[in-house]
Amino acid sequence: MEAHGREFIGCKNCDLVFQNPAQLPTLEFERQRYLEHENHIGNIGYTDFLGRLINALRPFLKHRQLGLDFGCGPSPVLATLLAREGYVVDCYDPFFFPYPTRPKYDFVTASEVCEHFHNPGREFGLICSLLGEDAHLGIMTAMLSNEVDFEQWYYARDETHVCFYSPSTFEVIAELFQLQILSLTHNVVVLKTRRSH
């Protein structure tokens, strides 16, 4: 399928829609685009937006649990908001915080991250390797549905957004990585490890 000046491919097994790998943006292009984002703690609209993920994840967490803000960008706002609620949160981002501090976490968040994955299988494998036993994963990404007109969809216009998920995709991801879906609401999914890694 051609859209937004790029070619996209749909997986018949998991409903993932992903950009032709030959057309993926360069890492330097991505890094520069992320530096242009105005995602900072003083941006009330952005902090309210992140609150949707925090609100979905909060019922499953315990005070002082150890978390990782996966793909936090240059300004780890989500980590800051979670720390204010009493959690201990490390940061990871391949461009700006390239090394996870610890081997395992009680929870991992990925807000507006998964749509940037050039190799979703490898990236989800990395995330799951960082989840401890009975750990939680909170993801926020705009999801595909039958109501989405992909050729007009604002979310696909961003040149760094290269793969798109539906609820069915997350069901397959959960099965592949031994995760249990606890909640899946509008653009937010919370999962839990089903066994120790």
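The values are calculated or read from the model by the stated rules, or taken from the named source; none is laboratory data. All of these numbers come straight from a predicted model, not from anything done at the bench. FYI the Cβ positions are ideal-geometry reconstructions off the backbone, even for glycines, and counts take in every protein chain you see.
Points to keep in mind about this one:
- Test result for Q180, over 22 Å from G5 (Cβ atoms), surrounded by fewer than 21 Cβ atoms within 10 Å (Cβ to Cβ) and among the polar types (S, T, N, Q): yes
- Residue within the stretch 75-84 that is modelled with pLDDT under 95, in contact with a Cys (Cβ under 8 Å, 6 or more places away or on another chain) and either over 29 Å from E171 (Cα atoms) or buried (at least 20 other Cβ atoms within 10 Å of the Cβ) (or both) present: yes
- In the stretch 7-29, residue surrounded by the fewest Cβ atoms within 10 Å (Cβ to Cβ) [restricted to those that are farther than 27 Å from A174 by Cβ and free of Cβ contacts under 8 Å to residues at least 24 places away in the same chain]: A22
- The condition (being surrounded by 16 or more Cβ atoms within 10 Å (Cβ to Cβ) and more than 24 Å from H40 (Cα to Cα)) is satisfied by just one residue among T141, T109, T169, T185: T169.
- Residue within the stretch 14-25 that is aromatic (F, W, Y) and within 19 Å of the chain's Cα centre (by Cα) present: yes
- Screening Y99 on (1) more than 18 Å from R52 (Cβ to Cβ); (2) hydroxyl-bearing (S, T, Y); (3) at pLDDT 95 or above shows it passes everything except condition (3).
- Test: residue in the stretch 154-162 that is surrounded by 16 or more Cβ atoms within 10 Å (Cβ to Cβ), touching a strand residue (DSSP E or B) at 6+ places or on another chain (Cβ under 8 Å) and among the small types (G, A, S): yes
- Listed by position, the strands (runs of 3 or more DSSP E) inside the stretch 102-197 whose residues that are among the charged types (D, E, K, R) and in contact (Cβ under 8 Å) with a residue 12 or more places away in the chain number at least 1 are 105-111, 131-140, 188-193.
- Residues within the stretch 1-56 that are in a loop (DSSP other than H, G, I, E, B) and either touching a Cys at 6+ places or on another chain (Cβ under 9 Å) or not hydroxyl-bearing (S, T, Y) (or both), tallied: 19
- Failed item, numbered, when E171 is tested on (1) modelled with pLDDT of 95 or more; (2) of a type in the set (D, E); (3) over 21 Å from F107 (Cβ atoms): (3)
- Search result, residues across the stretch 149-166 that are more than 18 Å from E123 (Cα to Cα) and not polar (S, T, N, Q): D149, F150, E151, W153, Y154, Y155, A156, R157, D158, E159
- Of residues in the stretch 57-86 being of a type in the set (D, E, K, R) and in a helix (DSSP H, G or I), the one farthest from E115 (Cα to Cα): R84
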